[in-house]
1. Please count how many residues of the range 6-41 are assigned to a loop (DSSP other than H, G, I, E, B), in contact with a Phe, Trp or Tyr (Cβ under 7 Å, 6 or more places away or on another chain) and open to solvent by less than 10 Å² (accessible area, probe 1.4 Å).
2. Considering only the range 413-449, state which residues are surrounded by fewer than 17 Cβ atoms within 10 Å (Cβ to Cβ) and part of a helix (DSSP H, G or I).
3. Identify all residues within the range 223-272 that are more than 18 Å from residue 198 (Cβ to Cβ) and basic (Lys, Arg); write none if there are none.
4. If you go through the range 160-183 one residue at a time, how many are open to solvent by 10 Å² or more (accessible area, probe 1.4 Å) and outside any loop (DSSP other than H, G, I, E, B)?
5. Output the residues belonging to the range 267-288 that are in contact with a helix residue (DSSP H, G or I) (Cβ under 7 Å, 6 or more places away or on another chain), surrounded by fewer than 23 Cβ atoms within 10 Å (Cβ to Cβ) and not polar (S, T, N, Q).
6. Suppose we filter the range 510-536 for residues that are open to solvent by less than 60 Å² (accessible area, probe 1.4 Å) and in contact (Cβ under 8 Å) with a residue 60 or more places away in the chain; how many remain?
7. Can you give me the number of residues within the range 308-323 that are open to solvent by 10 Å² or more (accessible area, probe 1.4 Å) and part of a helix (DSSP H, G or I)?
8. Can you tell me which of 74, 78, 99, 8 is within 20 Å of the chain's Cα centre (by Cα), closer than 22 Å to residue 380 by Cβ, more than 16 Å from the ligand (Cβ to nearest atom) and of a type outside the set (A, V, I, L, M, F, W, C)?
Amino acid sequence: MKVAILDGYVDEPSCLGVPPYVAPYPRYIYGMLKCLKIEAEYVTIDLYRQSKEIQNKLSSFDLVVVIAGIAVPGKYLGGKPLSLKELYSLRFKKSVLVGPITLELTKKDRKNLEYLEYEIVDFPFEEKLFEYLIKFLKRDAKFSLDKFAILGSEVVKKHPEYPYLICEIESYRGCYWGKCSFCIERIHGEPEMRNPKAVLDEIESLYNTGIRHFRLGRQTDFLTYMADFSYDVPKPNAEFMKSFHREIWKRCPKIKVLHLDNINPKTIAEYPGESEKIIKTIVTHQTPGNVAAMGLESADERVIKQNNLAANVDEVRFAIESINKYGRFVGYNGLPYFLPGINFVIGLKGETKKTFEKNFEFLKEILDAGLLLRRINIRQVKIFENTPMHKFGYKNVNRHKKYFKSFKKRVREEIDKPMLKKLVPVGRKLVNLRCEVNDKRITYARQLATYPLLVGVIGKYEKNTFLDARVIDYGMRSIMAIEPLNINSAEPWQLEYLISKKLVAKVILNRPYKSIEDVKEVLKDNFQRVKDFIYV
Ligand code: SF4
């Protein structure tokens, strides 16, 4: 039996699998197949698109498990997710479709896909998929996600981006709040914790395959992992969190990145003392450049009420202050240790023109108070069946297109840009930038991190070159940086990013320089401004 996993990538409120991220799903599925004594192929959708050979190979396989679904769409630099439209163009002998994509299939889609020999396994899929595999492969074994996680960890070696990957680690599923009108997390029901030992074993197993970057991200609220769920708002367990982090480092001492994804601001507002202790643990036991994505969704009380949103404006403001208090200090990679990020969802029930003004006022207040936000995510709601938003539909999305556009533009110009200037001032050195895509004279690079900052580095660098560069300028949500230039060999166009054309000509005429003092004589008053960007 020949079986392949085709990773079309996922993006959910609490799970990311677009490279450099690897979601838990392909690892679990690979582990399931290993448990059933099948050595599966693993192919990413980007690799599949590029290679005729792989396409031909997979078309002869007995079964292809396709993972896909973008529930919270974003912009991706590391890969292009598989869309429903593209799915129709894939041809295999027999395939199984899993992932959040199944939540957006209409009856017609389901019929058409079945006609194309797709078996659709609804989300969440793990147990149902395992049952299907047992029948299809005519084998037998017991279902154990923790066991599959360990067995499947070696699949990362088959990923084209290995070892420059961030493994998304699942600690629990579901959301204690679970009521927001638009959110698909309700599908997981009551929160279900993963045994911490199983989580630690999985991290260690991935570490042993060579993975050094981790995100404890596959949960809706990091603070409530192993919390006391007998309260309406679960009470965080600070002691447990400290020992959990210590154990990670004990087992995996050479981790380069340890980050998280989501925090529910309501937990911080409800339990400031316990949360403060965990925030300190995060600052001291995770790595700098860390971000807690928090959902405000709307700063309009009317929208908050009508959509059952978890936290109100005051609670979110308090959570932002709490994280800033301990997390805003700059770490060894050039970024603050730990900062909050804020999500807005546009098109919800009760939204009016005033909502956009309130949203903007909230952000302006945060900026004026000197608080730092690492990321402001503004997206239009994507509606799924079985959510209260389904009945309401895209009415407000369509009605408020104009307001959405201008709100976004205003936030990018008046909030994001000044915030970035505070976050990474000109001259700040950002270390370990991984070059990803190059476009003529600019190479786009990012640190391997949760919500990494996009950096346009001046110069043409090969993919996977790692470099340190200093900030020289700002885009709306990105920055420009430059690797210190050797004044004797830098190209004129590179120097023009630092000094005027006229001065570049003068610098070149006076080459070669024996010492930085010689450069100082030529650059005169400009020297002070550029001294950190050049060397002899
Ligand atoms: S708080 Fe609301 S938006 Fe966040 S995960 Fe829970 S239900 Fe979803």
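1. 3
2. 413, 414, 417, 418, 421, 422
3. Answer for the range 223-272, where residues must be more than 18 Å from residue 198 (Cβ to Cβ) and basic (Lys, Arg): 235, 242, 254, 256, 266.
4. Going through the range 160-183 one residue at a time, the tally reaches 1.
5. The answer is 269, 272, 274, 276, 277, 280, 283, 285.
6. 1
7. Result for the range 308-323: 7.
8. Going through 74, 78, 99, 8 in turn, the sole match is 99.
The values are calculated or read from the model by the stated rules, or taken from the named source; none is laboratory data. A quick note: this is a predicted structure, and the numbers were derived from the prediction, not measured. Positions of Cβ are generated from backbone atoms using ideal geometry, with glycine treated the same way; all protein chains shown enter the neighbour counts. Protein only, heavy atoms only, side chains kept; ligands, DNA and RNA dropped before computing areas. Shrake-Rupley method; radii C 1.70, N 1.55, O 1.52, S 1.80 Å.
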